[in-house]
Amino acid sequence: MRYSQYFLPTLKETPGDAEVVSHQLMSRAGMIRKVAAGIYDYLPLGLRVIRKAENIVREEMNKAGAIEILMPAVCPADLWEQSGRWQQYGKELLRLKDRKETEFCIGPTHEEVVTEIVRGTVNSYRQLPVNLYQIQTKFRDEVRPRFGLMRGREFIMKDAYSFDATDEGANLSYEKMRKAYCRIFERCGLKYRMVEADSGAIGGSFSHEFMVLADTGEDVVISCESCEYSANIEKAVVIDKGEMSQAPMNEVERVVTKGAHSVADVSVMLELKPSQIVKTMLVIVDDEPVAVLIRGDHELNVAKVKNLLGASVVELATPEQIAKATGGPVGFSGPIGLKITLYADNAVKYMRNMGVGGNEKDIHLEGVNLERDFQVKQFADLRDAADGDTCPHCGGRYSNTRGIEVGHIFKLGTKYSESMKATFLDADGVAKEIIMGCYGIGIGRTAAAAIEQNHDENGIIWPMPLAPFQVIVTMLNPKDEEVLAAGEKLYQDLLSEGIEVLLDDRDERPGSKFKDADLLGIPLRINVGARGLKEQSFELQERRAGERVMLPIEGAAQKVAEQVRTALAAE
RNA sequence: CGGGGAGUGGCGCAGCCUGGUAGCGCGCCAGUUUUGGGAACUGGAUGUCGCAGGUUCGAAUCCUGUCUCCCCGACCA
């Protein structure tokens, strides 16, 4: 591709609305452009990277035995009513009506549609297993889209769905996908971790997330420093450990805590450490208010509450709901005298003489004790794991890092085959429900994650497999006929070698071309200039290392092509 | 959805408080000189100041409404 003929609008300045580095650099490098919140154009360079990622995913999916299909973006509500998700999914599901007032949604994921395909086709165990996948634009009306392609509302996703006759078969399908995912992210040149995850709204029995490690990641990954255990913070198990305090029980005492709004405020006023205070969190579990007690220095984990109670929706209560359930304002809830059910995190069990809210404005209580002053229906692991907690597998220490969730695989079981009646006849002639799995990869997010992990102050540094072009040939002064001729020849030779090359033939000053080349992040740059030509040489510069080496004209294309192929093979 | 901020040439911003000529940098067009890390000079083009109402002799500026975007939080595959 000739730069002068291409559509590649780079920006010198960082756009005002871009916060994270991948978003800034994608905008500056002319890869994407915002059309609306969470909705982007893919400009030519961006599209090339997207296609690279798609192709890696496609190759590995095909190798793993999955078969590509393409389902509609607009899906009938009818199917979603069958699975129950038309009611369950909430506002994230973009719903619309056609001219006949029939309801549709824009697919945020395709379990319903794919299950419908399979149930209409598969009747016998002989037709299983099957794994169907697609690479398609999805839409999720996110509460808060942000960070460019990292959390868009419209985004390109690879979604695969496996269908098996037996549980062992389903596990095998899951395992194949797990391995394929590892190969995909390795091939993309990304540093990632596979972690245990909560299966959330999609449902199912177990799941893993693939996290690209980056400080800007929105997810917290808990990993054990001593063993291989690694989990999303929503899932990471906190073991029940502690010693019953032997301190004598004090009398309950009312304390005025005027204007206290947080555990930190209360801690100061009561002269207690946050770990001696109990937060009473009001949550609405399927429309019913429930109180969850958490030690002051811990964080409530909503996913764990949801799993414990088998609820479909768990939300923090609004101030109005809190007032109604406790009689007091936000910040002053406490366990004593509450009419609603109390659950508590395990850590609360070991506390003595705790500080709690008084269920009235500006009042807290101290010297409060379990059993004597209030009862809890059940203790469980209901808090977020934290740095320094004990690993349940080896007793090692947890540490946390941040990650970007680029892939998520679920073993679904029969959740959808049951509700949507996708059955097959087994060898013994008995109708059984198909056992499913589903497997997603965010394509744009993978590209964004690659930038988060590979950039410097000058721009992007693409790993070779994702690079929009493998080589950029920079003609320093294309008005110089020798330079022009040598650059053109090199360009043609590289093309003949099958290399993806961008020829910077623009009539710009060298400085601008260098800056643009660095910004675009093309892994290898060849400078063609009068200075080098005198010595029958070009200059070869790796984007990452930055060092320039002389490259003899003779055999230059072959040598560079070899280097590209080596880089591709290494990833 | 709660809190905060912003909409002014293609991009980044100033002007608004205290109403009266719409301004700066980058980019763009033409020309001259330049040409190894975002050139210099000269000349030029580009704005219904988000939208709708209102106040006023006069509104980018004040008031009301509305839309959009961004950030923090809540939530989320």
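The values are calculated or read from the model by the stated rules, or taken from the named source; none is laboratory data. Note that the structure is a prediction, hence the values are computed from the model and not measured. Methodologically, a virtual Cβ is constructed for each residue, glycine included, from the backbone with ideal geometry; neighbour enumeration extends over all protein chains shown.
Specify which of the listed residues (A:D387, A:D426, A:D362) is modelled with pLDDT under 90 and surrounded by fewer than 15 Cβ atoms within 10 Å (Cβ to Cβ).
A:D387
Mind listing just one residue for me: the one in segment A:306-353 that is of a type in the set (D, E, K, R) and away from RNA strand B (no atom under 16 Å from the Cβ) and, of those, surrounded by the fewest Cβ atoms within 10 Å (Cβ to Cβ)?
Once the filter is applied, the top-ranked residue is A:K339.
Mind counting the residues in segment A:503-517 that are touching a residue at least 24 places away in the same chain (Cβ under 8 Å) and more than 14 Å from A:V483 (Cβ to Cβ)?
Selection size over segment A:503-517: 4.
If you scan segment A:521-534, which residues turn out to be out of contact with any Lys or Arg (no Cβ under 9 Å at 6 or more places or on another chain) and more than 7 Å from RNA strand B (Cβ to nearest atom)?
A:I526, A:V528, A:L533, A:K534
Which of the residues belonging to segment A:257-292 are assigned to a strand (DSSP E or B) and charged (D, E, K, R)?
Hits for segment A:257-292 are A:K279, A:E288.
Looking at segment A:34-55 only, could you name the residues that are away from RNA strand B (no atom under 12 Å from the Cβ) and touching a Phe, Trp or Tyr at 6+ places or on another chain (Cβ under 7 Å)?
A:L43, A:P44, A:I50
Filtering segment A:535-554 down to residues that are charged (D, E, K, R) and near RNA strand B (Cβ under 7 Å from one of its atoms), which residue is farthest from A:P478 (Cα to Cα)?
A:R548
Report every pair of residues separated by at least 6 positions or lying on different chains whose Cβ atoms are under 8 Å apart, first residue within segment A:478-502 and on the phi > 0 side of the Ramachandran plot, second crowded, with 16+ Cβ neighbours inside 10 Å and part of a helix (DSSP H, G or I).
If the second residue must be crowded, with 16+ Cβ neighbours inside 10 Å and part of a helix (DSSP H, G or I), the pairs left are A:G498/A:A561.
If you go through segment A:389-402 one residue at a time, do you hit one that is away from RNA strand B (no atom under 16 Å from the Cβ), more than 30 Å from A:E111 (Cα to Cα), of a type in the set (G, A, S) and more than 35 Å from the chain's Cα centre (by Cα)?
The answer is no, given that none of the residues of segment A:389-402 is away from RNA strand B (no atom under 16 Å from the Cβ), more than 30 Å from A:E111 (Cα to Cα), of a type in the set (G, A, S) and more than 35 Å from the chain's Cα centre (by Cα).
Suppose the filter is of a type in the set (A, V, I, L, M) and within 26 Å of the chain's Cα centre (by Cα); does A:L476 pass it?
no
Regarding A:P319, is this residue out of contact with any strand residue (DSSP E or B) (no Cβ under 7 Å at 6 or more places or on another chain), not assigned by TED's automatic domain parsing to the domain that holds A:A264 and not charged (D, E, K, R)?
No.
Give the residues of segment A:135-183 that are of a type in the set (V, I, T) and crowded, with 19+ Cβ neighbours inside 10 Å, sorted by residue number.
Residues satisfying the conditions are A:I135, A:I156.
How many of the residues in segment A:1-33 are assigned to a helix (DSSP H, G or I), within 9 Å of RNA strand B (Cβ to nearest atom) and in contact with a His (Cβ under 9 Å, 6 or more places away or on another chain)?
0
Output yes when any residue across segment A:128-148 is assigned to a strand (DSSP E or B) and hydroxyl-bearing (S, T, Y), and no when none is.
yes
State whether the residues of segment A:2-10 include one that is more than 24 Å from the chain's Cα centre (by Cα), over 16 Å from A:P465 (Cβ atoms) and of a type in the set (D, E, K, R).
yes
Test A:A347 against the stated conditions and say whether it is in contact (Cβ under 8 Å) with a residue 60 or more places away in the chain and under 21 Å from A:N250 (Cβ atoms).
yes
Does A:A303 qualify as being modelled with pLDDT of 90 or more and either within 16 Å of RNA strand B (Cβ to nearest atom) or of a type outside the set (D, E) (or both)?
No, not satisfied.
Of all residues in segment A:501-534 being touching a strand residue (DSSP E or B) at 6+ places or on another chain (Cβ under 7 Å) and of a type in the set (D, E), which is farthest from A:M550 (Cα to Cα)?
A:D505
Would you check which residues across segment A:462-487 are within 12 Å of RNA strand B (Cβ to nearest atom) and not basic (K, R) and list them?
A:I472, A:T474, A:M475, A:L476, A:N477, A:P478, A:D480, A:E482, A:V483, A:A486, A:G487
May I ask you to say which residue of A:L466, A:L540 is farther than 29 Å from A:E54 by Cβ and within 37 Å of the chain's Cα centre (by Cα)?
A:L540
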